[in-house]
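Enquirer: The structure follows.
The values are calculated or read from the model by the stated rules, or taken from the named source; none is laboratory data. Remember, it's a predicted structure, so these values are computed and weren't measured experimentally. Cβ atoms come from the backbone with ideal geometry, glycine included; neighbour counts cover every protein chain shown.
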C-alpha cells in the first residue's frame, strides 16, 4: 500500500512535465493514454533502477521514447492530415476573411504552426529543442537523457532552431502570398 | 522595418496574443525577431489537460501488474527448482549405485589406484552437489 502511495506521489510530481512534453512532441491535446504508458513503463522498470541516473533523467528518456513510438505509429497509419492537422486549411481561413483581417494568425494558430514545424524536425533535434526551451534543461542534462555527447546536443539545438526558423519563414511567406491574392 | 521597431515587436510577442499582419511581416524580415518569436513559442508551455485523479488511477493500476510479474517470476523459479532437484537425485543415485556395484564386483578394487581415483571423483561430486544445494539462484534472491 505504501508503495502505491509513493508511486502516486511520483506521478503527481512529474505528471506536468510528462503531459506537456507529450502534448508538444505529438501535437495532440489529449495525451492521457500516452502519459499512462510513460508511468507504466517507469513502474515496470523500477526494479532495474539503481539510482545511477536521476529519476527525472530516466523519466525524460521514457517520455521521449513513448512520443517517438507515437510518431512511428502515426507514420505507419498515414492518416489523412486534413482531419487532424491543426495547420491545415490556414490559407483558406485567412483568405476567407474569418476573424480580424489584420491579425493574420491567432496565437493558437501560430503555436500550431510552430508545433507543426517542430514535428518536421528529426527526433533528436525535436527532443533537444523541447528539453532546452520548454523544460529548461541544461546541456548536461540533455546529453545524459539522450545519451549524446555535449557537442552533439549543442549542434542539434542550433541546427534545429535554424531549421525551425526556415520552415516558419516559408510558411509565413506562403500565407502572406495567399492573403495578397 | 515596416515602420515597426524590434522593441515594439518583442513586446507584442511577449504580450502573447495574435500578431498583426504588419508584425508578422516584421518577424519574417527580421532574423533576430524571428528568433525571439521562435524562442517565445518554444518556451510557452503547452496547456496540458491533466485529469484530477490521474495520479491515483495510475497508482491503482500498477500493483496488479507488479504482482503478476512477480508471480510469473516465482512460477519460473519453481519449475527450474523442480527440474534441478530431480537432476540432483538422479546423479546421487547413480554415484551410489556405481560405488555399491564396484564393491560387490571386487572389494579389493577400492584399494587400487583406480579405486582411489573413483572414490575421489565420487567424494568431489557429493561435495559439489552439497555446494550447489547451498547456493540460491540470483533471481531467487531479489525483492
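Per-residue answers, yes or no, for (1) within 22 Å of residue A:162 (Cα to Cα); (2) in contact (Cβ under 8 Å) with a residue 24 or more places away in the chain; (3) surrounded by 14 or more Cβ atoms within 10 Å (Cβ to Cβ):
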residue: B:10; (1), (2), (3): yes, yes, yes
residue: B:15; (1), (2), (3): no, no, no
residue: B:21; (1), (2), (3): no, no, yes
residue: B:28; (1), (2), (3): yes, no, yes
residue: B:33; (1), (2), (3): yes, yes, yes
residue: B:37; (1), (2), (3): yes, yes, yes
residue: B:45; (1), (2), (3): yes, no, yes
residue: B:50; (1), (2), (3): no, no, yes
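Enquirer: Condition check: at pLDDT below 80, farther than 30 Å from residue A:33 by Cβ and within 14 Å of another protein chain (Cβ to nearest Cβ). Does residue B:63 satisfy that?
Expert: no
Enquirer: Looking at B:27, B:38, B:58 in this structure, which one is more than 23 Å from residue A:48 (Cβ to Cβ), modelled with pLDDT of 85 or more and within 10 Å of chain A (Cβ to nearest Cβ)?
Expert: Checking each option against the conditions leaves just B:38.
Enquirer: Would you check which residues across the range B:25-48 are in contact with a helix residue (DSSP H, G or I) (Cβ under 6 Å, 6 or more places away or on another chain) and assigned to a helix (DSSP H, G or I) and list them?
Expert: Taking the range B:25-48 and keeping what is in contact with a helix residue (DSSP H, G or I) (Cβ under 6 Å, 6 or more places away or on another chain), we get B:26-28, B:33-34, B:36-38, B:40-43, B:45-46, B:48.
Across the range B:25-48, the qualifying residues are B:26, B:27, B:28, B:33, B:34, B:36, B:37, B:38, B:40, B:41, B:42, B:43.
Enquirer: Hey, can you tell me all the residues within the range A:72-93 that are modelled with pLDDT of 50 or more, in a helix (DSSP H, G or I) and under 16 Å from residue A:30 (Cβ atoms)?
Expert: Within the range A:72-93, A:73, A:74 qualify.
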